[in-house]
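So the structure is just underneath, and the comments pick up after that.
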Amino acid sequence: MRFSEIFDAPITPDDDWFDTFLPADTKLFVDPFLIWDEKTGHWAGAHEHLIDFFEMVFDLVKESGGNEEGISWKQAQKLLLFPEPYEFCLGVSEGTPHGSGSGRGLQKEMLEGVKVATGLGMNRIAHMEMLTLFQGGMGVDRLSDMTCNILKSYFISYTQEIARRHNILTHPSKVANATWDKEFYRWREGTFDLPINPYIDKPVILTPERFLRQIPVATPDGLWSYAWSTASAELRGDLTFDIARNVSRREKAKLARQNPDIVALYLQHLEEEEKEPYPIKDDPNLAVKWYELGSKFAERSHLSFVPQNPDEFERFIESVIESYRHNIEEQDGWQLLWFKGHAREERAAQNLFRSTVIHYCRANEIDLTGESNAGRGPVDFKFSQGWSRRALVEMKLVRNSKFWDGVLAQQPQYQVSEEVDLGFFVAVGYKDADCHSEIKKKIDKAATLVSQSTGKKIIGILIDARPKQSASKLHDSALSGELKGAGQEASVEDQDDPAGD
């Protein structure tokens, strides 16, 4: 259930908060660049507060002189350790809002960014994104973790105001990283009156809808494009600056570090551009309504098979995928993969699959992990029921330019990295050419070749997500012709034997 349902708090025109889904995380994230635009009201000083935090870290890194064993450096490390802000119910956790947090990987990356900035003589930055660009960019989930932690005091008071306005019951609750102390260079926890998420018995913190996105505003790709279009002549003499878009993260980080002035100009350029949050009402990628839609799919499905031993686990996963395919192809589920006459992006198909199968998995004590790290990148879904019962599922649109790489290279590599013998490659087609019988044969052939070469079993499945006619409008000319012919024959026989003898 959503926050508004649990706490009987209908959203009014005066409300701007995201009605978060409390049992599980929503794959939306707080983007600090959207907060930068706030010039008045509650959030007016939030972005400055964010930058003040990093100024504090800058001071410590400079004071350390680069000595990673010194007290100042270690204190900076502690400040850059951000726990999962589970109170927001945002992120990528499948079962509950309890994620693993960005942890020490984020800490190390941010310290590298700060080290580069101080080495360039910087004492303060205008946007925290500059630090992430210096080390090749950062996912919006990590940016979100940082932002929610650093600005948690703003979000807490925002939530408390909403609770007062809607007469929502609150309880004193401990909150980690509630504030930070510039005098003593440390985080402080605090106790605050907040609503309680009944699914995890922990406090809830709300955020405005207008701060939420699925991808960051500032990205290494965006910097690369900006630099190419505005400063390519100067860069050609200093850097191997290839026009190709698929350059490595390392090369983009090198561009940023060697040209901090261009990074600053890029971020100033973004300040002037219109920045749109995720369109929650339309929900084009099914990031918000995924759970409710999956519940409807599960309710009308007759899937009841439960694996009793390792040999039946494969059949269970096949049954789950088949149930999803049947909903798309035979029960008008395809409509959910189209938006205003256009086929939705790949993530929408994945989100809808996730929302469908999570109900079966919960009912059968099977763990489902979405976008888990498979050592060589994120695999879409991992199913497991103990070590001996595990399977990976990769889902791609046939129109994806890397579609065949998915089945021939990525899927088997994921299985090797995860030591999983069973994998499913699920293809989703939106056009006639995508769903042609030859495509299905080619998918099966590719799966067979990879299975033979790697010793890992891969099963290919094609889902037809093309728009379908309503059953009431269907017409089978051949059968209608046969029926008409049969009627004429019966009429002739009746004429020959009017008495019915």
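Observations on the structure shown:
- Any hit, segment 142-155, residues being under 18 Å from Glu84 (Cα atoms), outside any helix (DSSP H, G or I), touching a strand residue (DSSP E or B) at 6+ places or on another chain (Cβ under 8 Å) and of a type in the set (S, T, N, Q): no
- From the list Asp8, Asp16, the one residue that fits, being modelled with pLDDT of 90 or more, out of contact with any Lys or Arg (no Cβ under 9 Å at 6 or more places or on another chain) and within 30 Å of Ser355 (Cβ to Cβ), is Asp8.
- Wholly within segment 1-87, helices (runs of 4 or more DSSP H) carrying at least 1 residues that are surrounded by fewer than 19 Cβ atoms within 10 Å (Cβ to Cβ) and of a type outside the set (A, V, I, L, M): 3-6, 46-64, 71-79
- Test result for Asp332, without any contact (Cβ under 8 Å) to a residue 60 or more places away in the chain and among the charged types (D, E, K, R): no
- The residues of segment 109-165 that are more than 26 Å from the chain's Cα centre (by Cα) and β-branched (Val, Ile, Thr), listed by number, are Val114, Val116, Thr118, Ile125, Ile162.
- The one condition in (1) under 28 Å from Asp52 (Cβ atoms); (2) touching a Leu at 6+ places or on another chain (Cβ under 9 Å); (3) buried (at least 19 other Cβ atoms within 10 Å of the Cβ) that Phe192 fails to fulfil: (2)
- Selection of segment 178-236 for residues being assigned to a strand (DSSP E or B) and polar (S, T, N, Q) yields Thr179, Thr191, Asn197.
- Hey, Thr170 in contact with a strand residue (DSSP E or B) (Cβ under 8 Å, 6 or more places away or on another chain) and touching a residue at least 40 places away in the same chain (Cβ under 8 Å) or not: no
- Condition broken by Leu293, with the remaining ones in (1) modelled with pLDDT under 90; (2) assigned to a loop (DSSP other than H, G, I, E, B) satisfied: (2)
- Across segment 121-152, the number of residues qualifying as touching a residue at least 60 places away in the same chain (Cβ under 8 Å) and at positive phi comes to 2.
- Of the residues Phe82, Phe88, the single one that is under 23 Å from Ile358 (Cβ atoms) and at pLDDT 85 or above is Phe88.
- Consider segment 341-366 and keep the residues that are charged (D, E, K, R) and at pLDDT below 85. The one that is surrounded by the fewest Cβ atoms within 10 Å (Cβ to Cβ) is Glu365.
For (1) under 19 Å from the mean Cα position of the chain (by Cα); (2) of a type outside the set (Asp, Glu); (3) modelled with pLDDT under 90, each residue gets a yes or a no:
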residue: Glu189; (1), (2), (3): no, no, no
residue: Asp193; (1), (2), (3): no, no, no
residue: Ile196; (1), (2), (3): no, yes, no
residue: Asp201; (1), (2), (3): no, no, no
residue: Glu209; (1), (2), (3): yes, no, no
residue: Leu212; (1), (2), (3): yes, yes, no
residue: Ile215; (1), (2), (3): yes, yes, yes
residue: Pro220; (1), (2), (3): yes, yes, yes
residue: Thr230; (1), (2), (3): no, yes, yes
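The values are calculated or read from the model by the stated rules, or taken from the named source; none is laboratory data. The structure displayed is predicted, hence computed values, not measured ones. Here the Cβ is made from the backbone with ideal geometry for all residues, glycine too, and neighbour counts use every protein chain on show.
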